[in-house]
Amino acid sequence: MRLREDVRFGMRLLQRSPGFAAIAIGTLALGIGANTAMFSIVEAVLLRPLPCRDAGRLVAIWDREAQAKGVSKLFDACRDLEIYRQHSQSVEQASGATWARADSVMTGRGPAQDVLAIPVSQDFFSLLGVQPALGRTFDKQDLDLDCAVVLANGFWQRKLGGQADIVGQSLRLDDRACVVTGVMPAEFDFYPTDAAAMWRLVTHADPMAKDPDHSSIGIFGRLKPGATIEKAQAELRLLHRQYHQNDRHGAETEPVVFPLQAEFTWLAGRNLRLSLLVLLAAVGAVLMIACVNVANLLLGRSLARQKELAIRAALGSGRGRLIGQLLTEALLLSILAAALGTVFATAAVGWFRAANPIPMPPANRVDINLGVLAFTAALSILTTVLCGLVPAWRSSRIDLHEVLKAHGGAGAQGRSGHAAGKFLVVGEVTLSLVLLVGAGLLITSVARFAAAPFGFPPGRLVTMSVSLPPNTYANGAQRIRFLNHVTEGLGAISGGQNVAWTSALPVRGLQGFSVLEIEGRPTPMPAIAPHDTGEAAVSPEYFAAVNVPLREGRLFDSREQEQSQPVAIVNEALAEKYFANENPIGQHVRYVGGTDLWLTIVGVVANERRGTVYQEMSWVETPTVYRPITQDAPRSAHLLIRTAESDRRMGDVVRTSVAAIDPSVPVDDVRTMQQVLDKEYLAYPRFRAAVLGGFAAFALLFAVVGVYGVLAQLVARRTREIGVRMALGARASDVLVAILKEGMALVGAGVALGLGAAWVLMRFLAALLFGVQAVDPWILAGVSGVLMLASALAIYIAGRRAAGVDPMVALRCE
């Protein structure tokens, strides 16, 4: 009954003060809405279990280099999958899948196209416990087929028109007829960064099954009930050593086990988990600042109601009754703000799904579900406590004698209330400074990361991928002939220059997985051999296209043919590491465990800056061996063209030229190098910096408004005092200086506390930074200056109001 009365009374108060209600509800709605939207992403990525059977027991098993420093995750040998299946006592089911070298050429369904057909073992879908939308997944009988596939729902809809009778039909994949056994549901996805077109069964006829010792695959398994990751990892390492004790694989690598959901998050973004937690903490700080502002509003409002509350107390309302009434009013604000904030969050999540600004882990859709709504409800309760508790507590400590004799209620409670308001202002300035420092660090890092010199303008270098059907282009001579025909045809096109081929796209990581052997030196021992050398096959024009200068020797030219002497060019990083005290030109090198082919070094070029698969914001200079593409022609290659034309027009030109040579060869992924950089390397850092920058901007705005609000209330409560001072001879400038001193003292205290907090907290951002220290003094000084200048402006406005008081009006105002 009392609650109903308090709610009705609170609603009447809000209706009487629509301006106050709009400001308070709008402020809280922004904070709650931002928190709800951010939590919906965190819940989908980090908290919600994968939509798979026994999701908590699913694991990913990688190989790591035994001597590697830092993170090292490699696909396993297919032989390891057989070993773990047969002998592991901790893993009850294991299956394999790999997205490395999974590109295939599909023909016979319109123009030839490059598709991602992920090879998987027969029990892959049964491991996940996911049923198809059409047909069935793989059976043991399918192992005897030449090729069988299960289609991704999106590919089936977009590329095959959603044919209801697709099950049982065949697709032409890499010149093989692949039987379609089923279609997966729309919500199913397993590949961690881009949607797969289909999943291809590793049949008995597949090269991976025929040569399991030299084929790689990712191993995914389900732990037995009661088994732990630590126990499984120890057992698998023992099996690995036991079955590989006589080969290099056993000495160079060891298995490592991770929860599958955590691996999906890591694969989608190396710092995605840390980024989400940082942004969630930041948006929580914004909500706290919003609550402080509303608490200051409620505090000022409750001080103006001191006589009303005193009369209530005199008529018998106890302290608990008064606190209950004031908290009910705060609860009404929070509930209305939560409803409006949910609308904001729903719109933000809808935009996030439509715009897809960053790659996300598969399977878990970001949405506003019951769990997120429960979080929003909890936020409503929390904001009620944060906004209403201090004002309610202060207002309930009523000295009836002091309040009833005070002019306008400006008694001891008023002074106490203003002290609480000042304390809250210091707190929000502190939080705002921490957010501003974090945003400044991330924005500076992104700017420096994006501006790293590559030696060429990425916007004018157009790239596209070309995949050759394996049967038509089974040997190197056939592939070289095709590449030469394309180069000759494009060389005559107006606007095209520096047409080049490469097996490894510029800026993409050339992760060093190979062990280099130098003729005349001992073969590196498996247990200590560094896997540090990257490999790339390039055409002679490549170095000019990406502006990599020659340091010594010569570049590739027409002398490099398939049957001529095998040669190589190395970069400076390799020359400095392996030939520090001698001339590398003329030296012979080869890869341990590869062919017996010795390569003669004919040149040394400058280092390229490339990304690394294990670190998000990093450019590295990997020791690299370049082969002439005429001696090491790949089945899939990237075409680079330096041009002034748009990427779309150049893509059409290349497709026409390639189709004239062979219509079964697809040309895909037409982009400029700038677009590659934006999508693959800058998307996460930019999104993170933009979101944190937006939160910091809101925090700055709220902090400045809070400073102004507290000082405006102070001026209003001290109108009579100011009038007396001015009547006794004080000048307007004196009053203004006094207000400025008082306000800047609060801001200075908040800035000092914020700098200390930033000094401690910003070290957790080290993994998200590039080219800047976690406690960069220039950024600390810059954001402190911005915050103090903005606060000084707000204080000046409030001070001008005080300086403009008419003494006669002030003395009569009571």
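The values are calculated or read from the model by the stated rules, or taken from the named source; none is laboratory data. Given the structure is predicted, the values throughout are model-derived calculations rather than measurements. Positions of Cβ are backbone-derived with ideal geometry, glycine not excepted, and every protein chain shown enters the neighbour counts. Each accessible area value is taken on the protein alone, full model and side chains, heavy atoms only, with ligands, DNA and RNA left out. Shrake-Rupley method; radii C 1.70, N 1.55, O 1.52, S 1.80 Å.
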Could you work out the local net charge near Val105, counting Lys and Arg as +1, Asp and Glu as -1, over the other residues with Cβ closer than 12 Å to its Cβ?
-2
With a 1.4 Å probe and all protein chains kept in place, how much accessible area does Arg172 have, in Å² rounded to the nearest 10?
100
Solvent exposure, largest accessible area first (probe 1.4 Å, DNA, RNA and ligands not counted), of Asp123, Asp669
Asp669, Asp123
Which one of Val548, Pro666, Leu424 is farthest out on the positive end of the charge dipole of the chain, using unit charges on Cβ (Lys, Arg +1; Asp, Glu -1) and the Cα centre as origin?
Leu424
Less than 14 Å from a label point 7 Å out along the Cα-to-Cβ axis of Phe344: which backbone N atoms in the range 22-55 qualify, by residue?
22-39
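Name the GluC sites (Glu not before Pro) in the range 452-535 that are in a loop by DSSP and that have at most 14 other C-beta atoms within 10 Å, would you?
Glu519
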Cα axis of helix 412-450 to longest principal axis of the chain: angle in degrees, 0 to 90, nearest 10?
20
As an exercise, use a Förster radius of 51 Å and the Cβ-Cβ distance of Gln89 and Gln15 to find the FRET efficiency, rounded to the nearest 0.05.
0.15
Tell me the accessible surface of His485 in square angstrom (1.4 angstrom probe, heavy atoms of protein chains only), to the nearest ten.
90
Using the basic label-point model (7 angstrom from Cα toward the beta carbon), what is the Asp652 to Arg731 distance in nanometres?
7.4
Between Ala195 and Ser564, the two model label points (7 Å from Cα along the beta-carbon direction) sit apart by a distance in nm of 4.7
Per-residue accessible area, 1.4 Å probe, largest first, puts Phe687, Phe543 in the order Phe687, Phe543
What percent does the relative contact order of the chain come to when contacts are Cα pairs within less than 8 Å and at least six residues apart?
16
Accessible surface ranking that places the most exposed of Trp351, Trp199 first, with a 1.4 angstrom probe:
Trp351, Trp199
Which of Ala452, Asn475, Pro566, positive extreme of dipole for the range 429-578 (C-beta unit charges):
Ala452
With everything on Cα atoms, drop me the angle between helix 476-491 and the longest principal axis of the chain, reported from 0 to 90° to the nearest 10.
60
Helix axis angle, 229-243 relative to the chain longest principal axis, alpha carbon, degrees
10
Among Ala644, Pro628, Gly706, the residue whose Cα sits farthest towards the positive end of the charge dipole of the range 584-724, when +1 is placed on the Cβ of each Lys and Arg and -1 on the Cβ of each Asp and Glu, is Gly706
Would you mind getting the Kirkwood hydrodynamic radius of the chain from its Cα pairs, rounded to one decimal in Å?
31.3
Distance (nanometres) between label positions extended 7 Å along Cα→Cβ at Ala354 and Ala419:
5.3
Need one value: the accessible area of Glu621 in square angstrom, 1.4 angstrom probe, rounded to the nearest 10.
100
I'd like the carbon and sulfur percentage of the solvent accessible area for the chain, probe radius 1.4 Å, heavy atoms only, ligands and nucleic acids excluded.
58
Gain upon complete extension [Asp175, Arg273; 0.36 nm per residue less C-alpha separation]
31.1 nm
What lysines sit close enough to Lys210 to cross-link, taking a C-alpha to C-alpha distance under 26 Å and skipping anything fewer than 8 places away on the same chain?
Lys73, Lys140
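About its Cα centre, how strong a charge dipole does the chain have in debye, to the nearest 20, once Lys and Arg get +1 and Asp and Glu get -1 at the Cβ?
The calculation lands at about 4560 debye.
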Added length on full extension, which subtracts the Cα-Cα distance from 0.36 nm per residue, Ala186 to Asp123:
20.6 nm
Any idea what the dipole of the range 178-262 comes to, in debye rounded to 20, about its Cα centre with Lys/Arg Cβ at +1 and Asp/Glu Cβ at -1?
280
